[in-house]
Amino acid sequence: MTPFSAIAPSLLDQAIELPSWAFGNSGTRFKVFSQPGVPRNPFEKLSDAAQVHKYTGLAPKVALHIPWDRVEDYEALAAHARDLGVAIGTINSNTFQDDAYKLGSLAHADAKVRQQAIDHHFDCIDIMHATDSQDLKIWLADGSNYPGQADMRRRQDWLSESLRKIYERLEKHQRLVLEYKFFEPAFYHTDVPDWGTAYVHVRELGERATVCLDTGHHAPGTNIEFIVAQLLRLGKLGAFDFNSRFYADDDLIVGAADPFQLFRIMFEVIRGGGYGASSGVTFMLDQCHNVEEKIPGQIRSVLNVQEMTARALMVDQEELTQAQGTGDVLAAHDIFMDAFYSDVRTPLAAWREARGLPADPLRAYRSSGYQMRIAQERLDGAQAGWGA
Ligand code: RM4
Ligand code: MN
């Protein structure tokens with residue numbers, strides 16, 4: 001196994017993007033619970049996100065969701081982020097919370113509704129210019145509930161046309177990232193259900209269109225790391241939305257439900273050249289904290305990603321290739337598992353300290369008093385949340 005000391009320098013390449021919506025109130029289909037100190041606007045969401053970066057050194061960017069993060073002055077929001085030591089990352093569009101979108105958005109049968117959704121993306125692109133964001137991320141709630149309800153085939157053509165208009169609006173340094181999900185809110189068919197469909201569309205669009213893989217958007221038992229390997233091989237893996245799941249799109253803390261899966265994914269990321277600043281892969285989190293505290297929840301997630309990245313980097317690739325090549329099944333499996341079973345928490349704590357970061361970011365955050373301060377200060381006004 002490669003020792004921790006040998007892989008430690010590579011840990012500096014890790015940069016994770018936080019979702020602004022992780023800091024607002026969220027809930028289940030049944031209830032949104034509020035928490036003391038929750039941000040009341042995008043500026044406060046950024047302040048909270050910056051705390052995660054401050055204590056971990058891992059999260060220099062924050063993704064926005066429009067219209068949840070609508071502000072008067074996006075340049076001021078970007079400047080606020082810079083003052084806090086972070087930057088604004090991906091702009092996520094939202095075509096699932098308007099009455100017009102009941103039967104779809106970019107793939108809707110009515111050209112007027114499609115145009116409304118396209119115009120929304122044009123607005124998002126304007127915001128990207130103001131915030132200096134590179135990625136426009138599209139996740140669609142489009143689909144149908146009953147066989148015969150919609151012309152699935154024509155909808156692919158409408159979707160393709162709509163995406164083309166959005167793609168053409170982007171500047172040369174900007175990218176379109178298309179996210180897939182196999183079900184929900186539609187339950188019979190979804191217009192972008194899987195990586196293959198997303199791939200077909202982004203390939204048609206061109207070089208600056210790629211696929212976003214949300215780890216919670218697959219059927220149980222899906223070999224996600226295979227999809228990672230394939231998309232990297234094709235040069236079309238643009239982004240991750242990390243979170244974990246037990247049953248559906250649970251949006252839980254990354255690595256909580258299946259740490260081994262996170263390890264396997266990170267292994268294929270590294271193996272396929274997807275790790276590091278120049279890889280073109282954005283590592284975003286997409287999770288919602290319903291019952292746990294927001295900021296510590298995000299800290300836990302980014303630390304989980306870092307731990308599994310370290311373990312995956314420790315796989316002795318040379319020995320593994322050799323064992324695989326000679327058909328030594330058990331040796332290959334052992335080499336892989338050795339790295340997975342290595343507990344890197346102690347060396348990681350020392351590595352953090354050597355870089356001027358707290359050995360235990362969660363404890364450092366808790367003792368900083370920030371949580372108490374925001375709970376006392378943010379008393380008036382409405383807390384941010386889904387749809388806010
Ligand atoms: C979707 C998808 C998107 C996220 C929304 C809130 O299921 O994962 O990435 O922006 O939820
Ligand atoms: Mn997502």
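Where a number appears in this text, it was derived from the coordinates with a stated rule and is not lab data. Owing to the predicted nature of the structure, the values given are computational and were not obtained by experimental measurement. Cβ: placed from backbone, ideal geometry, glycine included. Neighbour counts: every protein chain shown.
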Next item on the list: Quote to one decimal, in nm, the extra length available between L362 and F260 on full extension: 0.36 nm per residue of separation minus the C-alpha distance between them.
Entry: 34.5 nm
Notebook entry, point to check: Can you list residues whose amide H is under 5 Å from T282's amide H, if they're 5+ apart or on another chain and H is modeled 1.01 Å from N?
Noted result: A239, F240
Margin query: I need the semi-axes of the equivalent ellipsoid of the stretch 101-241: take the C-alpha gyration tensor, multiply each eigenvalue by 5, square-root it, list largest first in whole angstrom.
Written below: 22, 21, 12
Checklist line | Straight-distance crosslink candidates among aspartates and glutamates, where the alpha carbon sits under 14 Å from K112 and sequence neighbours closer than 8 are dropped | finding: D98, D99, E161
Next item on the list: Would you please give the residues with an amide H less than 5 Å from that of K61, counting only those at least 5 places away or on a separate chain, with H modeled from the backbone geometry?
Entry: I16, L18, A87
Notebook entry, point to check: Quick one: which of 75-85, 35-45 comes out on top by average Cβ neighbours within 10 Å, and what's the full order, highest first?
Noted result: 35-45, 75-85
Checklist line | the stretch 93-163 - percent relative contact order, Cα under 8 Å, separation 6 or more | finding: 44
Next item on the list: Can you tell me the FRET efficiency between N223 and Y341 if r is taken as the Cβ-Cβ distance and R0 is 35 Å, rounded to the nearest 0.05?
Entry: 0.95
Margin query: Quick check: pseudo-label points 7 Å beyond the Cα along Cα→Cβ at R378 and F182, how many nm apart are they?
Written below: 3.5
Next item on the list: Kindly work out what percent of the DSSP beta bridges joining two residues of the chain are antiparallel, to the nearest 5.
Entry: 10
Next item on the list: Could you name the lysines whose alpha carbon sits less than 19 Å from that of K294, not counting residues in the same chain fewer than 8 places away?
Entry: K31, K45, K54, K61
Margin query: Could you order the peptides 153-159, 46-52 from most to least packed, using the average number of other C-beta atoms within 10 Å per residue?
Written below: 46-52, 153-159
Note to self: For a Förster distance of 30 Å, can you work out the FRET efficiency between the beta-carbons of W386 and D73, rounded to the nearest 0.05?
What the structure shows: 0.80
Note to self: Using Cβ counts within 10 Å as a stand-in for footprinting exposure, how do D194, D328 rank, fewest first?
What the structure shows: D328, D194
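What list do you get for F242, F4, F183 if you sort them by fewest beta carbons within 10 Å? Write down the numbers at each step before the final one.
On the way: F242 26, F4 19, F183 15.
With the sparsest Cβ surroundings first, the list reads F183, F4, F242.
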